[in-house]
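Quick notes on the structure that follows.
Quick note: the coordinates plus some simple rules give every number you see, no bench work behind them. This one's a predicted model, so the numbers in the text were calculated from it and none came from an experiment. Don't worry about glycine lacking a Cβ; one is built from the backbone with ideal geometry, like all the others, and counts go over all protein chains shown.
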Amino acid sequence: MRLDKFLCKSTHLTRADATAVIESGDVSVNGQVEMSVSTQVHENNIIILDGQRLVPRPSRYLMFNKPANTLCSNVDGDYPSVFNYLTLPDICDMHIAGRLDADTTGLLLITDDGRWSFNLFNPQYHCAKVYKVTLRNSIVDDASTEIKPAIKALFTQGMLLPGEKVPTKPAKLQLLSSNEVLLTITEGRYHQVKRMFAYVGNKVRKLHRQQVGEITLDIPEGQWRFLTEQEVASANIVSSN
């Protein structure tokens, strides 16, 4: 991880304070003064501040049920940051794994373990993400209660979205009502869900993430909890498949 992040995880310094002590030459890595905040370090490096070797705190993993009109950012912007909801100390070293748009609700995973979040959201591991999607128009064939075959085929086979060079990977649709579906995808392209439905002539009205890999949202909106050991371990299962 970056040196400034390592300091945040092993002290009570804010990111700004960590930057200041590093650039002042007060931190050494393996016996050498290091003044670059972006230097990559590991737990087995000997990192000294004020004569004391730093040892990072155990990693933390939590789920949060994101409300609409909140930002997946560490700071406020046009909308408030989701970090305003987290009653945790030393939050400066935590990050959001798999961000959601401001108007999208549901499952967020927040951690200070970069390797763990990489395992869950690295595209090469094809981790499944499940979204509840409310659409402007019906996608049901008028002659039946099934999804229109042409739409289902595009999601199943993959579609070449505008500006892309590679088609989307196969996705799964499960009908909930005439204009509401569960969508399972294994990618995380820019605005992917909204663009996929726009491609078939529809518009997403509401988007809610319910599941990432083996981790399923089970808490009220605006609430958070720590992940169980089994949920944390599921990221390793994803990367080993």
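Some points to look at:
- Per-selection Rg to Rh, the range 175-232 - Cα, Kirkwood hydrodynamic radius: 1.02
- Taking 20 Å as the cut-off, the amide N atoms of the range 112-139 that come nearer than this to a point 7 Å along the Cα-to-beta-carbon line of Asn179 belong to 131-139.
- Neighbours of Phe64, meaning other residues whose beta-carbon lies under 13 angstrom from its beta-carbon, give a summed charge of +3 when Lys and Arg score +1 and Asp and Glu score -1.
- Enclosed volume per residue, in Å³, of the convex hull spanned by Cα atoms of the range 3-53: 65
- Computed 3J(HN,Hα) for the range 34-44, one whole-Hz value per residue from the Karplus formula 6.51 cos²θ - 1.76 cosθ + 1.60 where θ = phi - 60°, is 10, 10, 9, 5, 8, 4, 7, 10, 10, 4, 8, glycine and proline marked x.
- All other residues whose Cβ lies under 14 angstrom from that of Glu231 are scored, Lys and Arg at +1 and Asp and Glu at -1, for a net of -2.
- Binned Cα-Cα distance frequencies in the range 128-241 - 10 Å width, integer %: 13, 40, 31, 15, 1
- Part-to-part distance (alpha-carbon centres) for the range 69-105 and the range 145-206, which is given in Å: 27
- Rounded to the nearest 500, the 222 nm mean residue ellipticity of the chain from helices alone is -6500 deg cm²/dmol, with -39,500 (n - 2.57) taken per DSSP H run of at least 4 residues.
- Values (1) 122; (2) 148; (3) 103 are given for comparison; volume of the Cα convex hull per residue in Å³, derived from the coordinates here, is the one labelled (2).
- Sequentially through the range 110-124, phi angles give Karplus couplings (6.51, -1.76, 1.60; θ = phi - 60°) of 10, 7, 10, 10, x, 5, 5, 5, 4, 4, 6, 10, 5, x, 5 Hz, Gly and Pro residues having no value and appearing as x.
- Taking other residues whose beta carbon is less than 12 angstrom from the beta carbon of Gly201, and scoring Lys, Arg as +1 and Asp, Glu as -1, yields +3.
- An ellipsoid equivalent to the range 1-128, defined through the eigenvalues of its Cα gyration tensor, has semi-axes of 30, 17, 12 Å when rounded to whole angstrom and sorted largest first.
- Gln230-Asp141 FRET efficiency (beta carbon distance; Förster radius 45 Å; 0.05 resolution): 0.65
- Compared with the alpha-carbon gap, the fully stretched path from Asp218 to Arg53 is longer by 55.4 nm at 0.36 nm per residue.
- Taking 0.36 nm per residue of sequence separation and removing the Cα-Cα distance, the Ser81/Met35 pair yields an extension gain of 13.5 nm.
- Listed by chain and number, the lysines placed with their C-alpha closer than 28 angstrom to that of Lys169 are Lys66, Lys129, Lys132, Lys148, Lys152, Lys194, Lys203, Lys206; residues fewer than eight positions away on the same chain are left out.
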